[in-house]
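One structure is given below, encoded as structure tokens.
Readers should treat all values here as calculations from the given coordinates under stated rules, not as data from a laboratory. This is a predicted model, so every value here is computed, not measured. For neighbour counting, all protein chains shown are included, and Cβ atoms are generated from backbone atoms with ideal geometry for every residue, glycine included.
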Amino acid sequence: MRLDKRVALVTGGARGIGFAISKALAREGARIVVADVNVDGAKAAAAALENADRDHLGLRVDVADQRSVGELMDEVVRRCGGMDILINNAGIGGNTPFLDIKLEDWQRMISINLTGAFIVAQSVSRQMVKQGRGGKIINIASLSGQRGGNGRGAYGAAKAGLELLTKVMAVELAQHRINVNNIAPGAIETEMAKTAHDPATRRAYEYLIPMGRYGTPEEIADAAVFLSSDESRYVHGHTLNVDGGFREAGLMFGPDKTPPR
Ligand SMILES: NC(=O)c1ccc[n+]([C@@H]2O[C@H](COP(=O)([O-])OP(=O)(O)OC[C@H]3O[C@@H](n4cnc5c(N)ncnc54)[C@H](O)[C@@H]3O)[C@@H](O)[C@H]2O)c1
């Protein structure tokens, strides 16, 4: 129960990585607000969490809409009295070659994955400053914001922006005892990966990841528990890659020097 008496807001928590993080934080005693554009999914996710006596909530939000985020914040403050942890996770996937990206698709990607993350982080930070008891913010960026992968023009640019925003937030919010970090997942087996990763993408990932497999949402959730807990209190402005070694890998071949799998 490392997160007893904390209120955690998880955006995009109806499924995938956000749902796995919601489950892990609830198991550690936090009261969870699952906020998602899919309100039925958010309610179902909240109802499925452990420690139901914490009165977890499932609420609607569109992170790209400042008014929707404002309404969410008002409701969380009214019903939970404030918040201690933000998992800034909501996002959409994308896999379009640079030459084919349409302006409206680029703008949609940036508006949800970067501007949406900014709107939520700023609203929560203002609330945490007002509360005066510090807090924890974990932005969910991506390995695709660190490496120049095929088809990741819009998605990667948004995630690279979020990683940089994390550093600025860490510098400016330290004085308010708001601890800000970033998780960069590699290839994680979720619905998003099922739609955004074609067979060629899958084969390339399995070769490029030293551990030779996709990660699970639970492996991201374990990192999120650490960054939400007091154990990470001096980890600040950091990007924690949870990617099976992808970012750090160089030349790779098997013991018999066979070509890539
Ligand atoms: N799956 C991966 O391989 C992977 C890798 C790196 C980073 N990520 C990041 O992790 C996060 C979660 O990804 P996932 O794989 O669980 O995706 P997912 O598609 O399974 O879940 C995303 C959730 O976000 C919600 N959402 C989408 N747009 C929203 C909006 N405008 N407002 C509120 N909620 C919205 C969806 O309804 C959904 O419940 C995303 O930010 C994604 O970019 C995923």
Practice item. Pairs of lysines 8 or more apart, or on different chains, with alpha carbons under 29 Å: count those in the chain, would you? Key: 23
**Study point:** region 90-123 and region 25-78: distance between their alpha carbon centers, rounded to Å
**Key:** 22 Å
Point to revise | Potential extension, residue 252-residue 222 segment - 0.36 nm per residue separation minus Cα distance | key: 8.0 nm
Point to revise | Cβ-based exposure ranking for 124, 63, 171, 37, in which fewest neighbours within 10 Å come first | key: 171, 37, 124, 63
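Under the definition of Cα pairs under 8 Å and six or more residues apart, what whole-number percent is the relative contact order of region 197-261?
Details: 37 pairs, mean separation 26.6, N = 65.
Relative contact order of region 197-261: 41 percent.
Order of 14-23, 71-80, 184-193 by packing, highest average Cβ count within 10 Å first? Walk me through the numbers on the way to the answer.
Numbers: 14-23: 25.0, 71-80: 16.2, 184-193: 20.2.
Result, highest mean Cβ count within 10 Å first: 14-23, 184-193, 71-80.
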Check your understanding: Got the relative contact order for the chain handy, in percent, Cα pairs under 8 Å and 6 or more residues apart?
Key -> 18 percent
**Study point:** Residue-averaged [θ]222 nm for the chain, counting only DSSP H segments that reach four residues, each worth -39500 (n - 2.57)
**Key:** -13000 deg cm²/dmol
Study note, to complete from the structure: Going residue by residue through region 96-113, the Karplus relation 6.51 cos²θ - 1.76 cosθ + 1.60 with θ = phi - 60° gives ³J(HN,Hα) values, rounded to whole Hz and with x marking Gly or Pro, of 10, x, 3, 5, 9, 5, 8, 4, 5, 6, 4, 5, 5, 4, 5, 5, 8, 7
Check your understanding: What are the residues whose amide H is under 5 Å from the amide H of residue 37, where those residues sit 5 or more places off or on another chain and H is modelled from the backbone?
Key -> 12, 61
Review point. Which cross-chain or sequence-distant (5 or more) residues have an amide H under 5 Å from the amide H of residue 135, H modelled 1.01 Å from N in plane?
Key: 178, 179
